[in-house]
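A.B. asks: Below you'll find the structure I mean.
The values are calculated or read from the model by the stated rules, or taken from the named source; none is laboratory data. These numbers were taken from a predicted model, which means no experiment stands behind them. With ideal geometry, Cβ positions are generated from the backbone for all residues, glycine too; neighbour counts draw on all protein chains shown.
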Amino acid sequence: MYAVIKTGGKQYRVAPEDVIQIEKVAGEVGETVSFENVLMVGGEGDPQVGTPLLSGATVAGEVVEQGRARKIIVFKKKRRKNYRRKNGHRQHLTTVRITDILTGGAKAKKAAKKPAKPKAEEAPAEITPLFDRPDGEPDDLTKISGVGPVIVEKLHALGITKFTQIAAFSDADAAKVDEVLNFKGRIERDDWIGQAKQLAAGDSE
């Protein structure tokens, strides 16, 4: 079963267990969010198409991560007007795992909010270091697209604190980190290694 939803001015085709990145929606990690702007539902019998929205249909998801996209530069110039403007922008994004597609007016069940654990206790208790942590101040790994504060803590727990470490990943290293952190191919999909090489080169200049 699949559905087409609209959020943040964009449309997404989703199915249960899909993980998507969308423009920021309110909610803490682990909370349930509902998307009521459903345009179509299909997969069982004839597709149901809304006009434009499908009445009684809702898509439920769980917030996986709140983060930001890679920085883009917005540059404006007017010829012969002595006008130049340069700004940077990092879009706030929310990573959501789709949990259910509901029709007939059914409502999503809200997940029970779990008490937050102290951050200092989480990573060391669950993750065993895989790499030797280098000396010096850690790099700002959130500059890598798709990496938020939660993932940074997990990478630090694995001993990964520098762009140069990620840039030097072999296929085996990337697969090992993918498996330990259950990333499901995120390192290759988001090209962490290529991004880290560019960031490491920029820091060395």
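To keep it simple, each residue is scored yes or no on (1) polar (S, T, N, Q); (2) at pLDDT below 85; (3) within 21 Å of ARG189 (Cβ to Cβ).
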| position | (1), (2), (3) |
| --- | --- |
| ALA120 | no, yes, no |
| GLU126 | no, yes, no |
| PRO138 | no, no, no |
| SER145 | yes, yes, yes |
| VAL150 | no, no, yes |
| HIS156 | no, no, no |
| GLY159 | no, no, no |
| PHE163 | no, no, yes |
| ALA168 | no, no, yes |
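A.B. asks: Report yes if some residue within segment 169-176 is touching a helix residue (DSSP H, G or I) at 6+ places or on another chain (Cβ under 8 Å) and within 22 Å of GLN21 (Cα to Cα); otherwise report no.
C.D. replies: Yes: one or more hits.
For every residue, the table says whether it meets (1) surrounded by fewer than 18 Cβ atoms within 10 Å (Cβ to Cβ); (2) in a helix (DSSP H, G or I); (3) not assigned by TED's automatic domain parsing to the domain that holds GLU28.
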residue	(1), (2), (3)
VAL147	no, no, yes
ILE151	no, yes, yes
LEU155	no, yes, yes
ALA172	yes, yes, yes
GLU179	yes, yes, yes
LYS184	yes, no, yes
GLU188	yes, yes, yes
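A.B. asks: Filter segment 34-46 down to the residues that are at pLDDT below 90 and not small (Gly, Ala, Ser) and list them by number.
C.D. replies: Residues satisfying the conditions are GLU44, ASP46.
A.B. asks: Report every pair of residues separated by at least 6 positions or lying on different chains whose Cβ atoms are under 9 Å apart, first residue within segment 151-173 and touching a residue at least 60 places away in the same chain (Cβ under 8 Å) and closer than 12 Å to LEU141 by Cα, second small (Gly, Ala, Ser) and surrounded by 17 or more Cβ atoms within 10 Å (Cβ to Cβ).
C.D. replies: Correct list of pairs: ILE151/GLY67.
A.B. asks: All but one of (1) on the phi > 0 side of the Ramachandran plot; (2) out of contact with any strand residue (DSSP E or B) (no Cβ under 9 Å at 6 or more places or on another chain) hold for GLY56; state the number of the condition that does not hold.
C.D. replies: For GLY56, the failing item is (2).
A.B. asks: On to the next question. Tell me, yes or no, whether segment 82-90 has at least one residue that is under 13 Å from THR32 (Cβ atoms), of a type in the set (D, E, K, R), outside any loop (DSSP other than H, G, I, E, B) and at pLDDT 85 or above.
C.D. replies: Initial filter on segment 82-90 (under 13 Å from THR32 (Cβ atoms)): none.
Within segment 82-90, not a single residue is under 13 Å from THR32 (Cβ atoms), of a type in the set (D, E, K, R), outside any loop (DSSP other than H, G, I, E, B) and at pLDDT 85 or above.
A.B. asks: Report whether or not VAL25 is in contact (Cβ under 8 Å) with a residue 40 or more places away in the chain, part of a loop (DSSP other than H, G, I, E, B) and under 20 Å from the mean Cα position of the chain (by Cα).
C.D. replies: It is true that VAL25 is in contact (Cβ under 8 Å) with a residue 40 or more places away in the chain, part of a loop (DSSP other than H, G, I, E, B) and under 20 Å from the mean Cα position of the chain (by Cα).
A.B. asks: Name every residue in segment 34-77 that is closer than 30 Å to LEU199 by Cα and assigned to a loop (DSSP other than H, G, I, E, B), in order of residue number.
C.D. replies: ALA69, ARG70, LYS71
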